[in-house]
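Reading through the structure tokens given below for one structure.
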Amino acid sequence: MPLLRIAPLMLLAILLLVLAACGSESSNESSTPKPDGGAQDAAADANEDQASDQDVANDTGVDAVEDVVEEVVSDASEDAMDAQPDASGPWAPYGLLSLNLHCLKLDGTSFTSHEDRFAAIAQAVHAENVSAIAAQEICSNASLDALVLLKQALESATGDTWSTAFANAHTAWEGTPDEAEEGVGLFVRGPVSDVQILEYHAQAGLRRVAVTARLPATLGGFRLVSVHLEFTDATVREAQARETASLTVGLMDPSLDVLVAGDFNAMPGSPPLAAMDAFGFKQLTAPLGPGRIDHVLAHRASAITSTDAVVVFDGTTYPFVSDHPGMLVRLAP
């Protein structure tokens, strides 16, 4: 046993012996016969004073014993905590993809079916070691559901189980042949937890929402948010960015391990990105230069870094799969 542990235990034993001796002396004195008459009263007063002094001494002894016990227990608890491994554990670098799927449209692509389009996305995900996707314009109609189709394609291409989180936002192209229910979502290799939907107070035109979930420990255990901000109203778009930042930070523990990705409908340096910056977010896609409206950001206080950022699905290495290219960021602890 370490010397630092022996000293408190020895002190505890000594104090317990002192306390026992004090209790025994008090008991012996209380059993002594009392004198009669006035002498008895005087003796009683003296005994009361002595008993009071003894109570103070006993209380002091008890307090000292309690202090030593508390110290010993506290030290033992700290040792036990020090011996425990980190609950989150290490995680290996992987890719995070942000991609607007352009609802159920094939315009501007070479694909003739959504099954083929989603298979191409899944093959690139497998090749680039992507383990999380923040997607926008995930749509469904009476015959097609992009959330289901892409999940199936990802599991087929990677051989792993993928989880999804989804928030319906609005009806897109209402009253046209392209009408569909549209929302934002997450595709994650492994389980997600604490899924929450953020509905913005500032709205204009079509209803906008964000969806957030906590990733598994194997992917760092941090919170990921998928956003698709207002398109027509710049003031509302900035307000939604500010709400995204404040609400997301409010959901976090002190680690602030959080990522926000998606279609901001805003260029680098614009007010929505400045609003995110004011809340402590940095752009992991900043090296990709100007001219983009899709971004990936991490909080500056997080334990997440980016080793690389590339544009994908732009007709070079990978084909066009949407009217938006994808933003791929490689994450590391």
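Across the range 260-267, a minimum of one residue is classified as over 23 Å from Val195 (Cβ atoms), touching an Asp or Glu at 6+ places or on another chain (Cβ under 8 Å) and among the polar types (S, T, N, Q).
Within the range 108-140, restricting attention to residues that are of a type outside the set (D, E, K, R) and in a loop (DSSP other than H, G, I, E, B), which residue is most open to solvent (accessible area, probe 1.4 Å)? The selected residue is Thr112. State whether the residues of the range 227-240 include one that is assigned to a strand (DSSP E or B), open to solvent by less than 10 Å² (accessible area, probe 1.4 Å) and not polar (S, T, N, Q). Within the range 227-240, one or more residues are assigned to a strand (DSSP E or B), open to solvent by less than 10 Å² (accessible area, probe 1.4 Å) and not polar (S, T, N, Q). If you go through the range 170-213 and keep only what is open to solvent by 10 Å² or more (accessible area, probe 1.4 Å), touching a residue at least 40 places away in the same chain (Cβ under 8 Å) and small (Gly, Ala, Ser), you end up with Gly190, Ala202. The set of residues from the range 261-301 being among the basic types (Lys, Arg) and within 23 Å of the chain's Cα centre (by Cα) comprises Lys282, Arg300. Of all residues in the range 142-152, those that are polar (S, T, N, Q) and surrounded by 15 or more Cβ atoms within 10 Å (Cβ to Cβ) total 1.
Of the strands (runs of 3 or more DSSP E) lying entirely inside the range 248-333, those containing at least 3 residues that are surrounded by fewer than 16 Cβ atoms within 10 Å (Cβ to Cβ) span 305-312.
Within the range 300-327, the residues that satisfy the criterion of being within 19 Å of Gly221 (Cα to Cα) and either among the hydrophobic types (A, V, I, L, M, F, W, C) or at pLDDT 95 or above (or both) are Ala301, Ala303, Ile304. Of the numbered criteria (1) out of contact with any helix residue (DSSP H, G or I) (no Cβ under 6 Å at 6 or more places or on another chain); (2) part of a strand (DSSP E or B), the one Leu198 fails is (1).
The values are calculated or read from the model by the stated rules, or taken from the named source; none is laboratory data. Small disclaimer: the values here were computed from a predicted structure and weren't measured. Because the Cβ atoms are built from the backbone with ideal geometry, glycine has one as well, and the counts that use them run over all protein chains shown. Note: accessible area is taken over every heavy atom of the protein model, side chains too, but ligands, DNA and RNA are not part of it. Shrake-Rupley method; radii C 1.70, N 1.55, O 1.52, S 1.80 Å.
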